[in-house]
Amino acid sequence: MYKHTTDGLRTLLNIPDNYQIFFLSSATEIWERIIQNCVEHTSFHCVNGSFSKRFYEFSGELGKKAFKEEAAFGKGFYPEKFEIPAETEAICLTQNETSSGVSMPVADINKIREKNKEALLFVDAVSSLPYPEFDFTKIDSTFFSVQKCFGLPAGLGVWILNDRVIEKAKQLEAKKVLTGTYHTISSILSKAKDNQTPETPNVWNIFLLGKVIEDMNKKGIATIRKETEVKADMLYNYIKDSNNFSFGVEDPAHRSKTTIVANTAIPAPEVNKKLEQFDLAVGSGYSSYKEKQIRIANFPAYSVEKTEELVNALKKTIG
C-alpha cells in the first residue's frame, strides 16, 4: 500500500527520484519535524495568516531564532520587497494560507529560491496540492494533509523532501543536536526505504490516498488543474458581481484557486441558512473573521457542475 500510494503520487506531481515521501500524522507535525531536523539556529517565515503564523511560532517554541516577513491578513508577498538574512538555514513558505485565501504564486517561490540558494526551502501546500505545479529543482520540500484537496478524513500528513534536507538532518545529528525520537528524518528514512513507517501508521488513510491518487492519475493532472481554474473563475466572477460579497484578497495574483475567500455583508451563518434548502453549505471565515467572511473549498472532489449549482443557489438566495 505504501509503495502503491507513493508511486502514484510521484506520477501525479512529477516528483524526481532524489525526493523521498514520508507519512506522518499531520502537516502540523511536519512543521515541527522541519524545525527539529533541519534548523540548528535560524529559520525565516513569510507570515500572513493563522497557519503561517503558527509555523513561525513553532520555531521559537523549539528554541530557534525565527525571522519573519509579515503581511496583513488577506495580503500577499512581493519577493523583490524583502530580504532574507544570510544566516537563514530554512526558508518556510505557506503557498496557500487556508485562513485567508492568500496564495503565493509558484513563480514568486522560484524567485525566492534564486535569491537564496544555500538555505533549504520548505513549502506548505496543505490546502492547494495537487493544483500548484512546483518546479522541484527550486524547492527542497513540500507537504500537505489529505483532508483538503484529496478529500479524505484527517489524520495523515504527506512530506516530500529531497537529499539536501536529509543531508542537513544528518549533519545536525552528527553534531548531537536533538532532532527528535522515532520521527527523526533518519528514523523515518530507514523505514521508508522498505515502504514502512517507524510506528503503526494510519493504514486506512494510506490505502484510501492511494485509491484517490489512482483516480486522479486516470483523470490526469492537467485536467484537474484546468477544472480547478474554471471553478475558481466561476466563483470569483460571482463574487465580483454580487451585491453582498466582495473579494477577501484584493490582489488577483494572490487569490487562491483552491480556497476562495469573500467578505460578506450578511453573517456567514445566515448565508448557510439560506443555502439549506439546496442542501448546500459554505465555510465560515477563520477565527475573528468567522461571521465577516465565507470560505469556499474549491477542491478536486467538487465538480464543475456542483460549483455551478452553488453559484446559482447563491444568486437566487443572496444575489
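Just so it is clear, none of the values below were taken in a lab; they were calculated from the coordinates. All values reported here derive from a predicted model rather than from experimental measurement. Cβ: placed from backbone, ideal geometry, glycine included. Neighbour counts: every protein chain shown.
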* **Residues of type aspartates and glutamates that K219 reaches as a straight line, Cα spacing below 16 Å, ignoring anything fewer than 8 places off in the same chain** => E227, E229
* Structure fact -> Fewest-first ordering of H4, H45 by Cβ atoms within 10 Å yields H4, H45
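What is the Å³ per residue value for the convex hull set by the Cα atoms of the chain? Walk me through the intermediate numbers first.
Values: hull volume 39.8 nm³, N = 319.
With only Cα atoms used, the chain gives 125 Å³ per residue.
Within 10 Å of each residue's Cβ, count the other Cβ atoms and sort Y302, Y78 from fewest upward.
Working: Y302 17, Y78 14.
Ascending number of Cβ neighbours within 10 Å: Y78, Y302.
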* Asked: In region 220-317, what is the count of Lys pairs whose alpha carbons are under 12 Å apart, counting only pairs at least 8 residues apart or on separate chains?
  -> 5
* Reachable lysines from K111, criterion Cα separation under 17 angstrom, eight or more residues apart if same chain -> K81, K138
* Asked: Please state the Cα pair-distance histogram of region 220-317 with 5 angstrom bins from zero: what percent is in each bin?
  -> 3, 13, 25, 27, 20, 9, 3, 1
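With +1 assigned to the C-beta of every Lys and Arg and -1 to the C-beta of every Asp and Glu, and no other charges, what is the dipole magnitude of region 220-317 about the Cα centre in debye, to the nearest 20?
On the way: 14 positive and 13 negative charges, 25 e Å.
Using Cβ point charges on Lys, Arg, Asp and Glu, region 220-317 gives about 120 debye.
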* Which Cα, out of G8, S303, L161, lies furthest along the positive dipole direction of the chain (beta carbon charges, K/R +1, D/E -1)? -> S303
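Arrange the peptides 180-193, 91-104 so that the one whose residues have, on average, the most other Cβ atoms within 10 Å appears first. Walk me through the numbers before you get to the answer.
On the way: 180-193: 16.4, 91-104: 27.1.
The densest-packed peptide leads the list: 91-104, 180-193.
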* Asked: If each residue's Cβ is checked for other Cβ atoms within 10 Å, how do E29, E89 rank with the fewest at the top?
  -> E29, E89
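Where Lys and Arg each count +1 and Asp and Glu each count -1, what net charge lies around A268 among other residues with Cβ under 13 Å from its Cβ? Walk me through the numbers before you get to the answer.
Working: positive: K273, K274, K290, K292, R295; negative: E270, E291.
Residues near A268 contribute +3 overall.
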